[in-house]
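Remarks on the structure that follows.
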Amino acid sequence: MKKFLLSAAAVVVAMSANAQVLQINADEALGLSGDLLSLSKDTEIGTIEGAITAFVPFDDSYKMLDCKNDGYNQVEIDGNIILTKGGMQGNTNPKDADGNAPANSLKAPAGGAVIGLSAAKDGYVYIVSKLSSNKQYTVFEEGSPIGYELSMEFIDDHVPSGVLGYKLDGEGEYNIIPVSQAPIDWVERIALNIPSHEEEVDGAMKVVYDYEIKKNGLGVIVFPVAKDCSYMINASGSKISWSGLYFAEEKAEKVTVSDSNGETTPKDILGASATGINNMKFENVFVENAPIYNLAGQKVSKSYKGIVIQNGRKFINK
């Protein structure tokens, strides 16, 4: 696995010619329509020469899908536009080699509808997607789960800013999220830190959340890529839909969702106009409601007595 560290000098360099866009155009590039069509493993989706190649990691059926939402049909990243039309979505929920959802096990997908990328240059990738607040998202580098940022436009009374987002920080130079810290939860539960409690249901303890929103929003998943490394991006318990990506050697300063016909007020989903977004971002998803395990790796309730593991940390629960 290869990764990179940005120097202080690199951070201030202008992006300009280093920024590039991949628009899928699934009908023209892949022959997709509203009906499902089988695509075989390693089918190339598109390429940004010298930077990124997108491909299908596993055999699956795909259809063309417009990722527009709430009147927004394009994402503009530092002046570079990705349209929502011509996007694509697969047919099979991703599973790891043991048949589990990748966000629950933090093990890489072994099949299903997954975005595959290979990087020929160090930089940052912005996946443009119609995201859901009640889905779990994971990014894998060379088979290991890594941290990422997610931000989406979001219309709901619980989110006055109109933007929902969070940041997951991995550990160390390689930005890895330890498997012991699984699962990664729903977007809304992470971003809003929705209170929860445990109830006994049919003889088993179950986590119950105070409220659920379950809405979609147009947005981006952002993560660093390193030369000669491969990546997989997926939604757990569902199929990720996306319309393209933006690549640059440095992180973008502004990401905006808008309407190409000018009928909807543009919304900055990363910048200062997204009031409140900073208060909803977490440096670490694994908060006080993270699952608790005993030393045998079995999930236990908060009432369990003895040595337990939570957030990758051992302690004695008395």
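Numerical summary
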| read-out | value |
| --- | --- |
| Shape call, region 69-115: gyration tensor on alpha carbons, a/c limit 1.5 | prolate |
| Mean shadow area of region 9-154, taken as a quarter of the surface of its Cα convex hull (nm²) | 9.8 nm² |
| Environment charge at Lys130 (Cβ cut-off 13 Å; Lys +1, Arg +1, Asp -1, Glu -1) | +2 |
| Kirkwood hydrodynamic radius over Cα pairs of region 150-198, then Stokes diffusion coefficient at 20 °C and 1.002 mPa s, in µm²/s | 170 µm²/s |
| Spatially near lysine pairs across region 76-131, Cα under 27 Å, sequence gap of 8 or more or different chains | 6 |
| Within region 194-248, chymotrypsin sites (Phe, Trp or Tyr not before Pro) in DSSP loop having at most 15 other beta-carbon neighbours inside 10 Å | Tyr211 |
| Distance in nm between pseudo-label sites at Glu49 and Asn261 (7 Å out along the Cβ direction from Cα) | 3.6 nm |
| Cα-projected label distance for Ser180 with Asp202, points at 7 Å along beta-carbon direction, nm | 3.2 nm |
| Whole-Å semi-axes of region 165-246's equivalent ellipsoid (Cα gyration tensor) | 29, 18, 12 |
| Rounded accessible area of Met205 (nearest 10 Å², 1.4 Å probe) | 100 Å² |
| Simple spin-label estimate for Ala29 and Lys214 in nanometres, 7 Å along Cα-Cβ | 3.3 nm |
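The values are calculated or read from the model by the stated rules, or taken from the named source; none is laboratory data. All values derive from a computational prediction rather than experimental measurement. No Cβ is skipped: glycine too gets one built from the backbone with ideal geometry, and neighbour counts run over all protein chains shown. We work out accessible area using only protein heavy atoms, side chains counted, and drop any ligands, DNA or RNA first. Shrake-Rupley method; radii C 1.70, N 1.55, O 1.52, S 1.80 Å.
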